[in-house]
Amino acid sequence: MKSNFCLTGLMIMVLFLSTSCTTSHFGVANRAATVPDDFGQTEAVLARAEQSQGAQYCPEKIAKAKELAREGAEVYWSCHNTESSRLLAEARQLAEEAERCGPKVVEAPPVVAAAPKPQAEFSVSPASIRQGESAKLSWSSQNATECDIQPGIGPVKPQGTVSIKPSAATTYNLVCMGAGGKADSSAAITVAVPTYEELCMTLHIEYDTNKSIIKPAYYGEVKKVADFMKKFPQIKGTIEGYTDNIASAKYNMKLSQRRAEGVVEMLVGQYGIDKPRLKAKGYGLTKPVADNKTTEGRQKNRRTMANFGCVTVEK
């Protein structure tokens with residue numbers, strides 16, 4: 001039945017073309033005396049849209065509306081009435097949308113919150129050490145992803161501690177970095193470099209002839225030895241006794257032994273030095289340091305002596 005209708009339409013179109021002037025819609029030539037009402041409606045809407053202010057803001061919609069209208073006219077003459085009506089309706093809708101167009105609103109870019117700036121705390125404990133001792137560096141940070149400590153330590157975690165043993169005064173610098181920048185802090189440590197001295201102790205006491213008693217003039221010398229041995233408990237010593245050549249060698253050997261033992265007894269009994277740290281050894285007349293032919297020489301030979309060595313100590 002549809003084919004009969006189309007055939008009838010074609011006959012009418014031929015008749016129209018032979019008896020009337022040719023007109024067009026949307027740039028498509030008419031093929032009949034009349035067209036549906038939506039052709040005129042669409043033309044009116046397109047004309048109004050083209051004259052509106054919206055045309056300058058949405059020209060692409062008006063162009064698309066015209067294209068749809070032209071396509072609607074073409075399919076109409078191909079006997080696709082329903083498809084033609086749909087296309088013309090879409091053309092009118094686009095034209096109306098274009099008519100309502102206005103200036104495009106430029107949206108402000110979203111505000112991106114700035115990343116917080118890193119913060120860092122840095123300390124050393126103790127702040128002063130002696131050379132050879134250790135100290136501890138401690139640090140913490142916020143808004144940081146990586147940190148570095150110089151001199152000599154390098155990359156570290158954003159929080160932590162590390163042991164240090166600097167040989168000289170040093171200022172350590174901490175730098176922590178994050179998306180918001182960097183933060184730095186410093187911690188200084190002083191290092192006391194010790195100085196040393198060598199302490200040596202000797203003893204020399206002289207005696208009267210045939211005597212082993214220590215004269216008061218030498219009490220101070222004995223006390224110096226006692227103080228030295230108390231300060232340095234590792235010190236040990238041998239007290240050596242000597243005589244001049246008066247009397248026999250046997251007698252002088254015993255006399256020299258008494259002289260040495262007398263010093264030991266004073267150090268132990270009067271000053272509290274442990275006896276195992278001391279020895280007494282008599283040498284009699286065997287090791288003179290001066291000529292026994294003179295009074296002065298014999299005086300020098302009547303003696304006790306000791307060398308307690310030297311101790312290196314920090315000043």
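Quick look at the numbers
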quantity: Residue among A183, A187, A135 that alone is more than 30 Å from Q51 (Cα to Cα), surrounded by 13 or more Cβ atoms within 10 Å (Cβ to Cβ), within 11 Å of the chain's Cα centre (by Cα) and of a type outside the set (S, T, N, Q); calculated: A183
quantity: Per-region count, the stretch 68-115, residues within 60 Å of the chain's Cα centre (by Cα) and farther than 23 Å from Q51 by Cβ; calculated: 11
quantity: Of the criteria (1) within 14 Å of R302 (Cβ to Cβ); (2) of a type in the set (A, V, I, L, M); (3) in a helix (DSSP H, G or I), which one I214 fails; calculated: (3)
quantity: Check on I273, surrounded by 16 or more Cβ atoms within 10 Å (Cβ to Cβ) and either outside the structural domain of L203 (by TED's automatic domain parsing) or part of a strand (DSSP E or B) (or both); calculated: no
quantity: Out of L255, L285, sole residue that is assigned to a helix (DSSP H, G or I), assigned by TED's automatic domain parsing to the domain that holds F228 and of a type outside the set (F, W, Y); calculated: L255
quantity: Near pairs, Cβ below 8 angstrom, 6+ apart or cross-chain, from the stretch 139-164 (at positive phi) to any residue that is among the hydroxyl-bearing types (S, T, Y); calculated: G160/S138
quantity: Test set (1) touching a Ser or Thr at 6+ places or on another chain (Cβ under 9 Å); (2) touching a residue at least 12 places away in the same chain (Cβ under 8 Å) - E50 fails condition number; calculated: (1)
quantity: Search result, residues across the stretch 178-214 that are of a type in the set (G, A, S) and touching a strand residue (DSSP E or B) at 6+ places or on another chain (Cβ under 9 Å); calculated: G178, A183, S185, S186, A187, A188, A192, S212
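Table: residues versus (1) within 30 Å of A32 (Cα to Cα); (2) part of a helix (DSSP H, G or I); (3) assigned by TED's automatic domain parsing to the domain that holds R48; (4) not polar (S, T, N, Q).
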| position | (1), (2), (3), (4) |
| --- | --- |
| L87 | yes, yes, yes, yes |
| Q93 | yes, yes, yes, no |
| P110 | no, no, no, yes |
| A113 | no, no, no, yes |
| S141 | no, no, no, no |
| P155 | no, no, no, yes |
| T161 | no, no, no, no |
| N173 | no, no, no, no |
| M177 | no, no, no, yes |
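The values are calculated or read from the model by the stated rules, or taken from the named source; none is laboratory data. These figures come from a predicted structure and were not determined experimentally. When we count neighbours, we look across all protein chains shown, and the Cβ atoms used for this are built from the backbone with ideal geometry, even at glycine.
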